[in-house]
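Comments concern the structure below.
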Amino acid sequence: MRGTHSFDKKVEEMKPSKRLIELPHWRRAKRLVTKLRSREARRSSGHYHGRVKADWKILHKSDINWVIMDYLVSEGYPGAAEKFAQETSLPSPVDSESIRERVQIRNAIHAGRIEEAIEMINEIEYEILDRDHHLHFHLLQLQLIEIIRTILNKPGGNPQGNDFYPAIRFATEQLAPRAPTDPTYLKALERTMALLIFPMEKMTQEFKELLDVKLRQKVANDVNRAILENRGEQSEAKIRQLIRARTWAESEARAAKVDLPSSILLGLGSDERMTTTGNEGDAMVS
């Protein structure tokens, strides 16, 4: 049965890895969802919803605390993680310094200091960029974009031909040699260099996206995941997997014609989505 197979696959994907933060009660959760799946025949009565609500009460507050701690560690909030550990009697993160290293790299990328971020990556995990060529290229592309951004934002506006020389030189020395090795590199380089041609007011959305600060956030997330994976840790906070699993479970239930409300909010805010990074984290780092 397709539903059972996909459910078992999801549970396997969400089992905790061998790292500092582990989430208990996965077997219990699997039994619970199995119960929910078998209740379709009784879904028309209020009894169905009452039993669902009652069953979820078996989740303990400690489980939620572990999920929160896992998020703080994975996403890089050492100060908040240490304070939360004190308030909940959970073990403090073993290596807060390694978390702070990731935070410093993330903050540098968010601020557009890409050269500084690359230097820090090479200092703490020198083999990452040698091994992950795509990540290295994306960092260099972002560095080129930041050079172009500085030129376009030059006081007085209307940059002249000589103003673009630093961007052209960087692209020629750092990105052009890599372009022939992958068609996606060549396309990315061409799109980036097009920023030198079109005035800001005449740029299409395709090019404006390159100058959007969201690109910094995306690259910072990719770097954070690469560092965690290189250290043998899970590359993503469990809460993100839980939300995807919850969305998947709702989709499966609706496909099976289970009686559900037309809209089930996650309670994550007005846009009902988790931010992938967020500038709010800096104030939490100590």
Check your understanding: Hey, among the residues in region 120-166 that are polar (S, T, N, Q) and either at positive phi or exposed (fewer than 11 other Cβ atoms within 10 Å of the Cβ) (or both), which one's modelled with the lowest pLDDT?
Key -> N158
Exercise for review: Report, by residue number, each residue of region 102-156 that is touching a residue at least 60 places away in the same chain (Cβ under 8 Å), farther than 14 Å from K218 by Cβ and not aliphatic (A, V, I, L, M).
Suggested key: R102, N107, E125, E127, D132, R149
Review point. Do any helices (runs of 4 or more DSSP H) lying entirely in region 195-268 carry at least 3 residues that are touching a Lys or Arg at 6+ places or on another chain (Cβ under 7 Å) and farther than 25 Å from A108 by Cα, and which ones are they?
Key: none
Study note, to complete from the structure: The one condition A256 fails out of (1) closer than 19 Å to E97 by Cα; (2) not assigned by TED's automatic domain parsing to the domain that holds Q141 is (1)
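The values are calculated or read from the model by the stated rules, or taken from the named source; none is laboratory data. In this text, all values refer to a predicted model and were calculated from it rather than measured experimentally. Please note: Cβ atoms are built from the backbone with ideal geometry, for glycine as well, and neighbour counts cover all protein chains shown.
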